[in-house]
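What follows is a single structure, written as structure tokens, with notes after it.
The values are calculated or read from the model by the stated rules, or taken from the named source; none is laboratory data. None of the values given here were measured: they were computed from a predicted structure. For neighbour counting, all protein chains shown are included, and Cβ atoms are generated from backbone atoms with ideal geometry for every residue, glycine included.
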């Protein structure tokens, strides 16, 4: 039996979870279709998901289609939970992107399709809600072609749009040959000679869909079932099955971690190669961790069942790996996608309610960070504060509700602030030598900081011989460099730079007669970890850094006669329209706005546009902050900017 790991993705409220229910019902896995509004769906199992009617965590459910077993992963649609989607992408064989026939292509739809195309994940498009008033077909197809991909292939046409009797008549559009011929020279030649047969056209469609070159489009309704049978046939025929050798070396990826009833960790993993068995001891992560599998669960016909083994191609739940983390490779690491969406651009401080146990709060937040590492807990020991990173206000509300419902903890939050970054403004160097000029550490470290292109991240290089001292000392320097760059001169994460080690030196163990080795006079990794922040911070100080704030790209559709009231508000919020286009009575503005202003603008928009304004935005880039004062972030480390304070905190051997 073939396997297919399928993701369902969409902008929020496009009907993604309802489509999952309809698919399960159509193939006979469930007898009754659950309702998002009633909180009775198969995949929205969290109490909070049922209460709010939105997907917050990815969920897996399995169903058979003839000789294919489909592991379907339902993902969140709200942009605040895009990190959940990101983790799922690396385990998919194919995807269904759901678009509303009423709202059409929305902001998140474009973000998702751009990512699916970049990662070359074979994708079908399902235009949902054809039974709703206001449903459109021609306009939606045009928007798909113009705003998502020119390589869309309609697989039929809808009938009875906007009525309960709406249906879908399958049939490959004759114009499909134009799209397919763009990717197949032989097909193009046959098309010119008018010798393209139906079988050849269908074969080209299968090949190009599996290669993520074209995207078949189906119309239907998750509520009535129209078009869903045809979509299921497309999933079976057009999307590629999982591959992988069950007899090969074990290789997999963890995309989700949750806690079981007894508080134990349960890891969701896709296995790409090999076979995992209970009681197997396996390596995981990239830092030498190991664990023994004590239990395996696999997904089958709408439920998950215990199994003794899981072969390549399948998704499984794994017990026994106490130190497992999201993103960890299992067994032999394979090339990972890395981050495919922008990181969170906002943060807020968690404020314990009256009587809230701060230790219990810390534990709860730590467990939630296991499930979503991008919330990036940050503890300020001086102020006794904990901050979290966020994508938006809805995520903050969900975090608050989760702490209350799952842990019984009452918390509030301070105002949300933007997460800036720092980039080096120039080149800076610094060096401290072993046993010289007040250096209390038995180490020599020299570092140079150079700017790197935008998006390059952080690179570490050596200009000294790797054999000039033990490798563990070089590793200590590199790890500490990356950690120290988490807080630059203004307290923000430093990115887009190259740090080069220019000097190195250490004190080897020396033997004394009748005394053996004198450990107090030999270098340790702690010496290099202690000295590196001082050297790196001084190099940064000499290079200088520029603070950059997160900016969103926005699109705003508003009535023309509301521009007079709207434009001054946009200017006050530092939003900069870059293009303006009038389409009849509607004006379309596109531009950039600071991430910190997005929520406030969304709240004001209905009043400024009589409720007719349509807003969409997505993170686009970081822009230099040119206003005074430059945003500062409180430090949570030992503050290497203040040498005396740092040495007092790090070592009793005060010097300099």
Segment 603-627, residues that are in a helix (DSSP H, G or I) and touching a strand residue (DSSP E or B) at 6+ places or on another chain (Cβ under 6 Å): 605
Close pairs from segment 104-132: first at positive phi, partner surrounded by 19 or more Cβ atoms within 10 Å (Cβ to Cβ) and in a helix (DSSP H, G or I), Cβ under 8 Å, at least 6 apart: 104/140
Failed item in (1) more than 26 Å from the chain's Cα centre (by Cα); (2) touching a residue at least 12 places away in the same chain (Cβ under 8 Å); (3) within 30 Å of residue 535 (Cβ to Cβ), with residue 622 passing the rest: (1)
Boolean, residue 487 is crowded, with 21+ Cβ neighbours inside 10 Å, at pLDDT 90 or above and closer than 30 Å to residue 368 by Cβ: yes
Residue in segment 357-366 that is at pLDDT 90 or above and part of a loop (DSSP other than H, G, I, E, B) present: yes
Selection status of residue 449, buried (at least 20 other Cβ atoms within 10 Å of the Cβ), assigned to a helix (DSSP H, G or I), at pLDDT 95 or above and under 35 Å from the mean Cα position of the chain (by Cα): no
All positions within segment 6-35 that are over 20 Å from residue 64 (Cβ atoms), in contact (Cβ under 8 Å) with a residue 40 or more places away in the chain and out of contact with any helix residue (DSSP H, G or I) (no Cβ under 6 Å at 6 or more places or on another chain): 12, 13, 14, 15, 16, 17, 18
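Conditions (1) farther than 30 Å from residue 103 by Cβ; (2) assigned to a strand (DSSP E or B), marked per residue:
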site: 226; (1), (2): no, no
site: 234; (1), (2): no, no
site: 243; (1), (2): yes, no
site: 248; (1), (2): yes, no
site: 252; (1), (2): yes, yes
site: 258; (1), (2): yes, yes
site: 269; (1), (2): yes, yes
site: 282; (1), (2): yes, yes
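Restricting to segment 124-140, name every residue that is under 12 Å from residue 10 (Cβ atoms) and touching a helix residue (DSSP H, G or I) at 6+ places or on another chain (Cβ under 7 Å).
125, 126, 127, 128
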Out of 552, 599, sole residue that is touching a residue at least 60 places away in the same chain (Cβ under 8 Å), touching a helix residue (DSSP H, G or I) at 6+ places or on another chain (Cβ under 9 Å), not assigned by TED's automatic domain parsing to the domain that holds residue 451 and not in a helix (DSSP H, G or I): 552
